[in-house]
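Visitor: Pasting a structure here, questions to come.
The values are calculated or read from the model by the stated rules, or taken from the named source; none is laboratory data. Everything numeric here is computed off the predicted structure, so don't read it as measured data. Positions of Cβ are backbone-derived with ideal geometry, glycine not excepted, and every protein chain shown enters the neighbour counts. Ligands, DNA and RNA are stripped out before the accessible areas are found, and what is left, the full protein with its side chains, is counted by its heavy atoms. Shrake-Rupley method; radii C 1.70, N 1.55, O 1.52, S 1.80 Å.
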Amino acid sequence: MEAIPYKIRRSERARRVRVTVDASRGVEVVLPRRAAEREAAAAISELRPWIERRVAELERARVAVAARGNTVPYLGETLGLTAQAGRRRVRRRGDDLLVPAASGERVAALERWYRSAARREIAPRLERACALSGNEYTGLTIRGQRTRWASCSPTGAMSFNWRLMLAPVAVLEYVVWHEVCHLEVMDHSPRFWALLARRCPDYRKHARWLSRHGATLRL
């Protein structure tokens with residue numbers, strides 16, 4: 001059986017051994033500061049079936065992203081990329097995005113554009129969902145979380161992942177409703193899911209889409 005390559009990272013905050021698999025870092029084992037390195041090998045062995053499934057999923061996602069060619073998704077639309085020498089910022093023109101010619105600058109500029117677009121798209125949807133449900137939130141932050149699509153703090157502060165702009169609009173709206181429901185029920189108890197079902201009846205379909213295609217939501 002072929003060995004799984006992995007990296008070890010020590011963490012002062014870690015209380016247990018944790019294994020992560022993502023496109024940029026590969027397989028990583030996070031160890032508490034005092035844990036023996038053999039615990040990393042044990043975790044890899046125990047989680048091997050899950051790791052192999054996750055690696056295969058990421059490879060399928062890599063192929064899907066590469067298949068886009070010179071386009072990017074945006075809330076269900078497909079936008080073409082038009083490179084312009086000397087350009088530093090992304091600007092939309094119809095169904096095209098005008099982007100920097102240098103590939104290294106292009107990805108960073110695209111991320112900045114998507115982050116800005118995320119605030120414009122999410123804020124009014126969040127306002128509307130809160131108005132319909134009679135709730136209030138205290139703030140909105142756009143981030144690039146590695147493991148979460150969104151979160152709601154006990155104080156009502158909302159955080160959304162800019163990569164949701166690469167998903168269909170219905171998926172974004174489901175995530176908004178998911179977090180707004182947390183303003184009333186902070187956990188994932190049966191009461192929470194019943195509330196979400198009333199507010200977003202098709203939430204299961206959108207949650208399945210995000211689970212299956214979430215790894216493709218990258219530039």
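Visitor: So if I take the centroid of the Cα atoms in the range 167-219 and the same for the range 4-73, what is the distance between those two points in Å?
Guide: So the separation of the two Cα centres works out to 25 Å.
Visitor: Hey, can you grab everything whose amide H is under 5 Å from the amide H of Y74? Only 5+ residues off in sequence or another chain; H modelled, so Pro and N-termini drop out.
Guide: Distant-sequence amide H within range of Y74: L79.
Visitor: Calculate the dipole size of the chain relative to its Cα centre from +1 charges on Lys and Arg beta carbons and -1 charges on Asp and Glu beta carbons; express the result in debye to the nearest 20.
Guide: The calculated dipole for the chain is roughly 460 debye.
Visitor: Of the trypsin sites (Lys or Arg not before Pro) in the range 2-64, which ones lie in a loop per DSSP and count no more than 16 other C-beta atoms within 10 Å?
Guide: The qualifying sites are R13, R15, R16, R25, R33, R34.
Visitor: Roughly speaking, to the nearest percent, how much of the chain's 1.4 Å accessible area is carbon and sulfur? Intermediate values should be presented prior to the final figure.
Guide: On the way: 6340 of 12830 Å².
Ligands and nucleic acids excluded, carbon and sulfur give 49 percent.
Visitor: Please identify the GluC sites (Glu not before Pro) of the range 10-66 that satisfy two criteria: DSSP loop assignment and at most 12 other Cβ atoms within 10 Å. Which are they?
Guide: Sparse-neighbourhood loop GluC sites (Glu not before Pro): E12, E37.
Visitor: Within a Cβ distance under 13 Å of R115, other residues only, what is the Lys/Arg minus Asp/Glu net charge?
Guide: Working: positive: R89, R112, R119, R120, R143, R163; negative: E111, E121.
Its environment carries a net charge of +4.
Visitor: To continue, here is another question. I need the Debye-formula profile for the chain: one equal scatterer per C-alpha, no solvent, reported as log10 I(q)/I(0) at q = 0.15 1/Å, two decimals.
Guide: Rounded to two decimals, the profile gives -1.13.
Visitor: Going by average Cβ density within 10 Å per residue, which order do the peptides 183-196, 108-121 take, highest to lowest?
Guide: The packing order, highest mean first, is 108-121, 183-196.
Visitor: Whenever you get a sec, line up I51, I142 from highest to lowest accessible area (probe 1.4 Å, protein heavy atoms).
Guide: Greatest to least solvent exposure: I142, I51.
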